[in-house]
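Trainee: Structure in structure tokens, see below.
No value in this document is a laboratory result; all are computed from the given coordinates. All of these numbers come straight from a predicted model, not from anything done at the bench. Cβ sites come from the backbone with ideal geometry, for glycine too, and all protein chains shown count toward neighbours.
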């Protein structure tokens, strides 16, 4: 992400955990009325609400967007402990010095190589939890509408240990993960020819007011307000 003249983005909650390395300029964010500066290197857990990110002139970030559940093999801390937070990488990996290397690098290709080497040194385990990955695939296949009780009928595990494993690997509960998938599908499949009732029904809601309430929590705006704005992704 680079900004020559300064800009701001509205970033919706996602199922991916993200690392960001700021090597030029200043970046800050605001969420739920709270503003904060972004550290030079930061890891952000799965969030519950939209975040507005502000970039100064000549600001630049290198982002590492992990696949769903993909951050867990690189860190000792359970991923749900990062939920809703942006934590300095120094708190998880002391004395890594990666910011200095990124600032001194001559190209983006060199920066990517530096981050890849850093991640390979951090790798704690070679494979991820197959049961959790199976659950993730089922949630996506249902567009986030699957009930946890229904999900468990195809998995060889009871609810409590499953939810603990899921939170530790993905960074959030199965219910919240599914809610993010469902509302992101609403955004991706939006059409100005569809009514709010049709959108709610397609997303598996039986109550339009419940749909609007969830959508506002997810985006910070009503559906009508949100889709009028060009600044979302």
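Trainee: Using a 10 Å cut-off around each Cβ, can you sort 107, 49 from fewest to most neighbouring Cβ atoms?
Mentor: Result, fewest neighbours first: 107, 49.
Trainee: Exposure proxy check: 34, 98, 112 ranked by fewest other beta carbons within 10 Å?
Mentor: Lowest count first: 34, 112, 98.
Trainee: Under a GNM of the chain (C-alpha, springs under 10 Å), which listed residue has the highest mean-square fluctuation: 157, 64, 53?
Mentor: 157
Trainee: Take the eigenvalues of the Cα gyration tensor for the chain, scale each by 5, and report the square roots as semi-axes in whole Å, largest first.
Mentor: Values: eigenvalues 195, 127, 36 Å².
Gyration-tensor ellipsoid for the chain: 31, 25, 13 Å.
Trainee: Can I ask one more? Okay, helix-only estimate at 222 nm for the chain: each DSSP H run of n ≥ 4 adds -39500 (n - 2.57), divide by all residues, round to 500 deg cm²/dmol; what do you get?
Mentor: Roughly -11500 deg cm²/dmol at 222 nm, from the helical runs in the chain.
Trainee: If you don't mind, another one. Using Cα springs under 10 Å in a Gaussian network model of the chain, which residue among 199, 79, 125 shows the largest mean-square fluctuation?
Mentor: Per the Cα network of the chain with a 10 Å cutoff, 125 tops the list.
Trainee: Here's something else I'd like to know. Considering only C-alpha atoms, what is the centroid distance from segment 199-232 to segment 79-104, in Å?
Mentor: Measuring centre to centre over Cα atoms gives 33 Å.
Trainee: Let me ask something else about it. When the chain is modelled as a GNM with alpha-carbon springs shorter than 10 Å, which of 153, 193, 172 fluctuates the most?
Mentor: Of 153, 193, 172, the most mobile in the Gaussian network model is 193.
Trainee: Would you list 166, 66, 211 from fewest to most Cβ contacts within 10 Å?
Mentor: Ranked by crowding around the Cβ, least crowded first: 66, 211, 166.
Trainee: Report the normalised scattering of segment 15-146 as log10 I(q)/I(0) at q = 0.20 Å⁻¹, calculated by the Debye formula with identical scatterers on the alpha carbons.
Mentor: Normalising to I(0) and taking log10 leaves -1.27.
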